[in-house]
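The values are calculated or read from the model by the stated rules, or taken from the named source; none is laboratory data. Owing to the predicted nature of the structure, the values given are computational and were not obtained by experimental measurement. Cβ coordinates were reconstructed from backbone atoms using ideal geometry, including for glycine residues, and neighbour counts include every protein chain displayed. Just the protein is used for accessible areas: all its heavy atoms, side chains included, with ligands, DNA and RNA removed. Shrake-Rupley method; radii C 1.70, N 1.55, O 1.52, S 1.80 Å.
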Amino acid sequence: METPREAGARLPRTVRIQTADFDLGAEVAVLRAGDHGIGAVASFIGTVRDRNDGAAVAGMTLEHYPGMTEKAIDAMVDAAAARFPLLGVTVVHRVGPLAPGDQVVLVAVASAHRGAAFQACEFLMDYLKTQAPFWKKEQTPQGGRWVDARVSDDAALARWGIAAGNADGPAAGEPAADGGPGASSAPV
Amino acid sequence: MRYFAALREALGDGEEVELPEGSDLAALRDRLIASSPRHAEALARGRALRCALDQVLVRESAQPGDGAEVAFFPPVTGG
């Protein structure tokens, strides 16, 4: 029975923000390389849909906060490593212009057994959707529009006992400093 | 000060702001709101915004130190 990694031991990880596409097979090969204690790899790839919220989407542009993005993803990998017995994590997120069908994000997780790999992969995506500083702007027939955050993404993170406070921002006129759900600090 | 996404489009990449010692990010937001109609619109209290201090998500009660990097931005939508 494995236990989550000891505090202080840093989980091996690959974290990249890039405009270029990525290759799942190549990324998993790097993730697995040299560690025969790995018995399970779970991966998730997010791709660009051609429709969103009732409008045709011709493409999108992803913006991020260089520096903070890497810190936020590093912190989320640490959070996953504290919860699950992991052997390695790869997170690749693209930025810049993307077209329908393009790959956006890869999360791949290695563990001894499948349970931790499946769960950690989902945990990492739930965390990334609400805590990493990326923003999507879609091109639609009506022009460009910034994608709204979804309360359902906050609910997904809440399943892990973490208050995301991303989409459910402060009510009109209420300062976030008052400690409403939108003011929750991120678990960093 | 740095802005991202819709805030960047409205206000530019960022700006330098001098704050009285002990001010928190809520006070900074209020000061920016008072600085121009564009700021008042983009940073209006009715808008759900998130903030970061030195590249870490924080509440608006966080107090920036000397030379701190503060950012305001909309809720995030990556993935």
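Provide the buried accessible surface between chains B and A in square angstrom, both chains summed, 1.4 Å probe, rounded to the nearest 100.
In total, this chain pair buries about 2800 Å².
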Exercise. Under a straight-distance cross-link criterion of Cα-Cα below 21 Å, which lysines are reachable from A:Lys71, leaving out those fewer than 8 residues away in the same chain?
Worked result: A:Lys129, A:Lys136
Problem set entry | Label-point separation in nm, A:Asn52 to A:Trp160, each point 7 Å along Cα→Cβ | 2.1
Exercise. Residues with amide H under 5 Å of B:Arg50's amide H, sequence separation 5 or more or different chain, H placed in the peptide plane at 1.01 Å from N; which?
Worked result: B:Phe73
Problem set entry | Selection of GluC sites (Glu not before Pro), chain B, meeting DSSP coil and at most 11 other Cβ within 10 Å | B:Glu16, B:Glu18, B:Glu21
Exercise. Looking at A:Ile73, A:Gln119, A:Val95, which one has the Cα that reaches farthest to the positive end of the dipole of the protein assembly as shown (charges on Cβ: Lys, Arg +1; Asp, Glu -1)?
Worked result: A:Gln119
Problem set entry | Alpha carbon centroid spacing (whole Å) that separates the stretch A:86-139 from the stretch B:8-28 | 31
Exercise. Quick one: what do you get for the stretch A:19-175 if you divide its Cα Rg by 2.2 N^0.38 Å?
Worked result: 1.11
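Counting pairs of alpha carbon atoms under 8 Å apart in space and at least six apart in sequence, what relative contact order in percent does the stretch A:35-175 give?
The value is 30 percent.
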For this session: Kindly state, to the nearest 0.05, the FRET efficiency for A:Ala9 paired with B:Ala10, given R0 = 45 Å and r defined as their beta-carbon distance.
Result: 0.50
Exercise. Which residues of the stretch A:70-107 end up with at least 30 Å² less accessible area in the presence of all protein chains than when their chain stands alone, using a 1.4 Å probe?
Worked result: A:Lys71
Problem set entry | Under 5 Å, built H, 5+ apart or other chain: amide partners of B:Glu69 | B:Asp54
Exercise. Given a cut-off of 20 Å, what percent of all Cα-Cα pairs of the stretch B:1-78 lie beyond it?
Worked result: 21
For this session: Taking each pair of different alpha-carbon atoms in the protein assembly as shown once, compute 1/r for the pair, average those values, and report the inverse of that mean as the Kirkwood hydrodynamic radius in Å to one decimal.
Result: 19.4
Problem set entry | Accessible carbon and sulfur surface of the protein assembly as shown relative to its total accessible area, %, 1.4 Å | 51
For this session: For the stretch B:2-73, report the accessible area per residue in Å² (1.4 Å probe, heavy atoms, rounded to an integer).
Result: 50
Problem set entry | trypsin sites (Lys or Arg not before Pro) restricted to the stretch A:21-85 and DSSP loop, no more than 16 other C-beta within 10 Å | A:Arg49
